[in-house]
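Read through the structure below, which is laid out as structure tokens, and then see the notes.
The values are calculated or read from the model by the stated rules, or taken from the named source; none is laboratory data. Just so you know, these numbers come straight off a predicted model, no measurement behind them. Methodologically, a virtual Cβ is constructed for each residue, glycine included, from the backbone with ideal geometry; neighbour enumeration extends over all protein chains shown. Just the protein is used for accessible areas: all its heavy atoms, side chains included, with ligands, DNA and RNA removed. Shrake-Rupley method; radii C 1.70, N 1.55, O 1.52, S 1.80 Å.
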Amino acid sequence: MKTVIISDKENLQQAAEILKEGGLVASPTETVYGLCANALDEAAVKNIYKAKGRPSDNPLIVHIGDLDMLKPLVQEVSPIAKKLMDTFWPGPMTLIFKASDLVPKVVTGGLDTVAVRFPSHPTINKLIKTSGLPLAAPSANTSGKPSPTNFTRVYEDLNGKIDCIIEGDHSEYGVESTVVDTVGDIATILRPGGITFEMLEEVLGKVMMDPALGHKLKEGEVPRAPGMKYTHYSPNAEVIIVKGENDQVIPFINTLVKKQQSKGKTVGVLATDETASLFMADKVISVGTESNPLTIASNLFEVLRSFDDAHIDMVYSLAFKETGIGKAIMNRLEKSAGYHIIEV
Ligand code: TXA
Ligand code: MG
């Protein structure tokens, strides 16, 4: 298949036509790049799963361009959902609702709920408005790999497999949207993201973290967000997180690096601006500055992919504070490490 490349500076008429005809278009969003299809076209949505190699029971998020597009998709909007929509939409937050009959089962993975997001990024917004369609969109990567936060990574994974890629800037948040279940009495975070626990708590008073978060799933444990049970965000390199105070963690990692190198491994370190010069390894990459966690979120997936470009066998990573967007950062990092964590 020939993939058409369009700049986000162009008008998006051609991309909108492709969507109307049942094609697939990758677009930048404020979180990560998304792979879009008409959410109401079953055949088109099936092709998303095919292009990504994604398990078919992992449901997709439906993206809308204004609040009027929500009504036909859902059975009701709870007071909790209303408050969150008023405060955080458009933006990096996905809400779970009871689905209407209009939403195809291929979108919901057979569940009776549907995930909906109103993104703030002007490009995907324009794409929704120009096509007039609600768009089902997972991250625009091969299933299992770190999500793409720039055009090059989308191209690497999906060129030749989809109809069109819209080229835009590097993603602002770099981690996928916060997924919040609004069906029960208490809002529950199923996936942490850029709209943080603290921000939700301030608006709602009470918020829960899904019990399936923060650990490797036990056998038989069924998470509420089906996506949580799959290996995610894994680079080819083995990732190991080292937790503790920097003055202990840094020499500890340097010792581990030497040991692995003596066994013939090429070893990387995922560091910060503050610490990068203190490591000795085959490749040291700073993911951002500790003084601004958003820089770390924004670069995380790209840095994980860069280690693979450099054919690194093992990566030792610093751990990050789990406040604010730090919860999302550590959630993605822990998954990419398969929960392999050393405490110093
Ligand atoms: O930021 C984002 O959300 C990006 C951009 C493209 O918008 N999209 C994204 O989609 O991350 P995806 O497919 O990679 O992740 C969707 C997550 C999965 O964990 C999935 O299991 C969960 O949302 N999800 C979708 N529908 C659900 C539902 N009805 N109930 C519970 N979880 C659901
Ligand atoms: Mg994804």
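Odds and ends about this structure:
- Every test in (1) open to solvent by less than 10 Å² (accessible area, probe 1.4 Å); (2) part of a loop (DSSP other than H, G, I, E, B); (3) of a type in the set (Val, Ile, Thr) is passed by residue 103 save one, and that test is (1).
- The listed residues are 220, 264, and the only one of them that is modelled with pLDDT under 95 and on the phi > 0 side of the Ramachandran plot turns out to be 220.
- Among the residues making up region 5-38, those that are more than 16 Å from ligand 2 (Cβ to nearest atom), out of contact with any Lys or Arg (no Cβ under 9 Å at 6 or more places or on another chain) and within 13 Å of residue 151 (Cα to Cα) are 5, 6, 7, 25.
- All positions within region 150-183 that are open to solvent by 30 Å² or more (accessible area, probe 1.4 Å) and within 12 Å of ligand 1 (Cβ to nearest atom): 172, 173, 183
- Close pairs from region 325-341: first free of Cβ contacts under 8 Å to residues at least 12 places away in the same chain, partner buried (at least 19 other Cβ atoms within 10 Å of the Cβ) and among the hydrophobic types (A, V, I, L, M, F, W, C), Cβ under 9 Å, at least 6 apart: 330/241; 330/319; 330/320
- Scope region 124-141; condition of a type in the set (Gly, Ala, Ser) and either modelled with pLDDT under 95 or surrounded by 24 or more Cβ atoms within 10 Å (Cβ to Cβ) (or both); matching residues: 136, 137, 139, 140
- Residues that are assigned to a loop (DSSP other than H, G, I, E, B) and within 10 Å of ligand 1 (Cβ to nearest atom), drawn from region 125-149: 137, 138, 140, 141, 143, 147, 148
- Residue check, residue 34 touching a Gly at 6+ places or on another chain (Cβ under 8 Å) and open to solvent by less than 20 Å² (accessible area, probe 1.4 Å): no
- Screening residue 144 with (1) more than 27 Å from residue 6 (Cα to Cα); (2) within 15 Å of ligand 2 (Cβ to nearest atom); (3) surrounded by fewer than 21 Cβ atoms within 10 Å (Cβ to Cβ) gives one miss only, at (1).
- Condition check for residue 320: within 25 Å of residue 176 (Cα to Cα), open to solvent by less than 30 Å² (accessible area, probe 1.4 Å) and part of a loop (DSSP other than H, G, I, E, B): yes
- Members of region 1-15 that are hydrophobic (A, V, I, L, M, F, W, C) and surrounded by 19 or more Cβ atoms within 10 Å (Cβ to Cβ): 6, 12, 15
- Residue list for region 208-225, restricted to those being part of a loop (DSSP other than H, G, I, E, B) and surrounded by 12 or more Cβ atoms within 10 Å (Cβ to Cβ): 210, 212, 213, 214, 217, 221, 223, 224, 225
- Count of region 164-207 residues which are in a strand (DSSP E or B) and in contact with a Leu (Cβ under 9 Å, 6 or more places away or on another chain): 12
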